[in-house]
Amino acid sequence: MQKDNLATILPLSTDIDENSVVSTTVNQIDRFLDNIWMEQGLSKNTLNAYRNDLKQLSKWCKKQSLDIINVSRADLQDYLAERVENKASPHSTARQISCYRRFYRFYVREGLLKTDPTEQITRPKLTRGIPISLSEKDVESLLAAPKITDALGVRDKAMLELLYATGLRVTELIELNLSQVNLNQGVVRVVGKGDKERLVPMGEVAQKWLSQHIASARLEILDGRITDYIFPTRRSDCMTRQSFWHIIKRYAKLAEIGTKLSPHTLRHAFASHMLNHGADLRVVQMLLGHSDLSTTQIYTHVAKERLSKLHATHHPRA
């Protein structure tokens, strides 16, 4: 999304054809997204999630012969109730309400709306679950799974080692470019959520595999093509989150790991293992790029659970 592509909102009218309605809605959504991108620097994934949420609401409004700008609180409650009936999770519902609240408050500020239809709609109460992590033994098995006899195996090995060593988000990992890595100092400059930068040490093992990947495997994968991405595909494109998720699942299967994994499993393992080995919670918060310490505190539950198991196993009076 570029600053010089700001959408111009079209005037509302009751005497317009269906294509004009669609065009107007798209411009309304684009104008809102452009605004929050410039003001708040939200990540690409967050902006895409907001766009999808607004498109879903717009599609529902069209079926009800409504305009997304002119819906009432009752209309929104009907839409959200329909989603709940279709088994929407509380987390996705809460995210959608947050999106719609920002959307309508923006147009209230712009003077297009007099009232915000989300004003008296409350988000569902959410319980924060304990993230699924891997044992240190399982992590070692996962990191040993790639076959380092070919370029793609070296690339995957470097990705997994770097992910576990730094606790990067998957998006941060796949979008890394050469200018963000200093192999001499052994640090990665990460641009995280809200365009916030942080420096994260990578450790000797990850540094070794990343150096090997950049010096040989990456060049073989690119085969003369040019890109700034550190972990490109054979088409020199940025790897997608879905592709990396398939990579993790494939290696977990090879490593015979029975634990259910997620794309952020190694990030969770990084945090919980750091705490298990005595790291300060605020240091882990800084390395993970969490803006709020309460987000990081969820890993203390994982660490406490691990310590309790160790105590129960090894203490003679447990």
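Laid out as a table, the results:
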item	result
Given (1) out of contact with any helix residue (DSSP H, G or I) (no Cβ under 6 Å at 6 or more places or on another chain); (2) assigned to a helix (DSSP H, G or I), number of the condition Tyr164 does not satisfy	(1)
One residue from Leu33, Leu12, Leu42, Leu57 being modelled with pLDDT of 90 or more, of a type outside the set (Asp, Glu) and either over 24 Å from Thr171 (Cβ atoms) or assigned to a loop (DSSP other than H, G, I, E, B) (or both)	Leu57
Odd one out for Ala206, checked against (1) free of Cβ contacts under 8 Å to residues at least 24 places away in the same chain; (2) closer than 30 Å to Leu42 by Cβ; (3) part of a helix (DSSP H, G or I); (4) among the aliphatic types (A, V, I, L, M)	(1)
So Ser216, is it in a helix (DSSP H, G or I), farther than 13 Å from Leu162 by Cβ and in the same structural domain as Val191 (by TED's automatic domain parsing)	yes
Options Thr166, Thr227: the member that is buried (at least 22 other Cβ atoms within 10 Å of the Cβ), modelled with pLDDT of 90 or more and polar (S, T, N, Q)	Thr166
Qualifying residue in region 120-132 (condition: under 30 Å from Ile174 (Cα atoms) and assigned to a helix (DSSP H, G or I))	no
Residue match in region 148-157 (condition: surrounded by fewer than 16 Cβ atoms within 10 Å (Cβ to Cβ), modelled with pLDDT under 95, outside the structural domain of Thr240 (by TED's automatic domain parsing) and over 24 Å from Ser43 (Cβ atoms))	no
Residue in region 135-144 that is part of a loop (DSSP other than H, G, I, E, B) and at pLDDT 95 or above present	yes
Candidate set from region 98-134 (those that are in contact with a His (Cβ under 8 Å, 6 or more places away or on another chain) and surrounded by fewer than 17 Cβ atoms within 10 Å (Cβ to Cβ)); member that is modelled with the highest pLDDT	Ile132
Unique residue being touching a residue at least 60 places away in the same chain (Cβ under 8 Å), of a type in the set (Lys, Arg) and in the same structural domain as Pro146 (by TED's automatic domain parsing) when the list is Lys260, Lys249	Lys260
Filter result for Lys196 (outside the structural domain of Trp37 (by TED's automatic domain parsing), within 23 Å of the chain's Cα centre (by Cα), within 30 Å of Gln77 (Cβ to Cβ) and surrounded by fewer than 13 Cβ atoms within 10 Å (Cβ to Cβ))	no
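Matching residues to (1) within 30 Å of Lys249 (Cα to Cα); (2) more than 22 Å from the chain's Cα centre (by Cα):
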position	(1), (2)
Lys62	no, yes
Val108	no, yes
Thr122	no, yes
Leu134	yes, no
Asp138	yes, yes
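The values are calculated or read from the model by the stated rules, or taken from the named source; none is laboratory data. Values in this document were obtained by computation on a predicted structure and should not be read as measured data. Note that we place each Cβ from the backbone using ideal geometry, even for glycine, and neighbour counts take in every protein chain shown.
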